[in-house]
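Inspection log for the structure reproduced underneath, given as structure tokens.
The values are calculated or read from the model by the stated rules, or taken from the named source; none is laboratory data. Keep in mind the model is a prediction, meaning the values are calculated, not measured. For accessibility, only protein heavy atoms count, side chains too; no ligands or nucleic acids. Shrake-Rupley method; radii C 1.70, N 1.55, O 1.52, S 1.80 Å.
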Amino acid sequence: MIDSYGRKIDYLRISITDRCNLRCLYCMPEDGVESVGHEEILRYDEILRLTDIFSQLGIKKIKITGGEPLVRKGAVSLIKDLKQVPGISKVTLTTNGMLLEQSIQELYEAGIDGINLSLDTLNRDVFYKITRRDSFEQVMKGLEAAIGYKEIPLKINCVPMGMEGQNPLELAELARKYPVHVRYIEMMPIGFGKKFAGCTEEELLKELQKKYGECRLFSGTLGNGPGHYYEFSGFQGKIGFISAMTHKFCSSCNRIRLTSNGYLKTCLQYDVGVDLKKLLRNGSSKEVLLQAVETAIKEKPSAHQFTEALEDHAEQHIMSQIGG
Ligand code: SAM
Ligand code: SF4
């Protein structure tokens, strides 16, 4: 579907849980958030019913997210079922890797089209500081397992926090050694992200070039999103940047988000959208649901205003509740 600003909306992020087995400093409070009750979370049959409607309105690619999506029972079966919905061409997953080692074979069999693994450091102690969990080895095993499945495209996502000891540059080594793309995501001032300065693309790129020599901007596209990529000589994978702050990409934004409690969000920064769970559960017909989604997409804001203070409709949820 084309929105009011001429953007083609074909990508949906579905958060299937607000729970997580890590507590990343920029995403969640130490004690976690009060979880939404089970009955408030969309059931898988409801997600599938909505996906059919989204697909009729032009959604082709889906990313499963959370909280940590793999903590929800049956997540891989849902992925398999979503792949069968007519019109859906790609279903991918973003995960913190904690349960990847044990899930990768099943994900492969389900036909997963790609995995994004969030990993902010290769240092065990720093991992503990960032995630508040001593689970570095477990995530490394997940990473190794995923690298072993050459058929599944793998991207590593790192959020440079501007925190002492993090050293985001060391992640780039993975793209040199393995056929995986490493992407740096600029910290967004949402929820706990507001507490961190982050690093800009320019700063990191300069450091990367100092270490690895000149690079070339990759002219093609990779995946569904707003990332742009550079090629370094001798690297098997590319280095990407998702720079919502310094390279605002709202004019080509193709995405909408379904939260785990069934709210359709049309922009990361605003709370605007529609409560689809309410409509689903009050027995609304397919036509009513189609109309509601169409109207919400038409009203998708033109752009985020991260650098300005928003007075109305600013998103009050934290990132683990939205799904990134
Ligand atoms: N638990 C999964 C994971 O970590 O990949 C999925 C959910 S997580 C909210 C999705 C992505 O959002 C992660 O890559 C995370 O690093 C990123 N994220 C969380 N808070 C952020 C912030 N304030 N700015 C930029 N990215 C953020
Ligand atoms: Fe959990 Fe992902 Fe948020 Fe970290 S970024 S706390 S892994 S939801």
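The accessible-area ordering, largest first, of the residues Asp125, Asp113 stands as Asp125, Asp113, per a 1.4 angstrom probe.
Only DSSP H runs of four or more residues enter the estimate; each adds -39500 (n - 2.57), and after division by the residues of the chain the mean residue ellipticity at 222 nm equals -8500 deg cm²/dmol.
Rolling a 1.4 angstrom probe over the protein heavy atoms with all chains in place gives the chain an accessible area of 45 Å² per residue.
Residue separation of Lys211 and Ala145 scaled by 0.36 nm, minus their Cα-Cα distance, works out to 20.9 nm of gained length.
Close amide H contacts of Arg183 (hydrogens built in the peptide plane, cut-off under 5 Å, sequence separation of 5 or more or a different chain): Ile156, Asn157, Cys158, Gly240.
In the chain, what percent of the accessible surface is made up of carbon and sulfur (1.4 Å probe, ligands and nucleic acids excluded)? Display every interim value, and only then the final one.
On the way: 7160 of 14690 Å².
Heavy-atom surface of the chain belonging to carbon and sulfur, 1.4 Å probe: 49 percent.
Give the ranking of Tyr108, Tyr128, Tyr263 by solvent-accessible surface, highest area first, calculated with a 1.4 Å probe.
Working: Tyr108 95, Tyr128 120, Tyr263 65 Å².
If we order Tyr108, Tyr128, Tyr263 from most to least accessible, we get Tyr128, Tyr108, Tyr263.
Distance between the C-alpha centres of segment 137-189 and segment 57-85: 22 Å, rounded to the whole angstrom.
Solvent-accessible surface (1.4 Å probe) assigned to Cys199 amounts to roughly 40 Å².
Quick one: Cα centre-to-centre distance for segment 102-133 and segment 6-23, in angstrom? Answer, in whole Å: 16. Once all protein chains are placed together, Thr221 keeps about 120 Å² accessible to a 1.4 angstrom probe. When the inverse distances between all different Cα atoms of the chain are averaged and flipped, the Kirkwood radius reads 20.1 angstrom. At the residue level, Lys83 shows approximately 60 square angstrom of accessible surface with a 1.4 angstrom probe and all protein chains present. The residues Glu173, Glu214, sorted by heavy-atom accessible surface at 1.4 Å with ligands and nucleic acids left out, run Glu214, Glu173 from largest to smallest.
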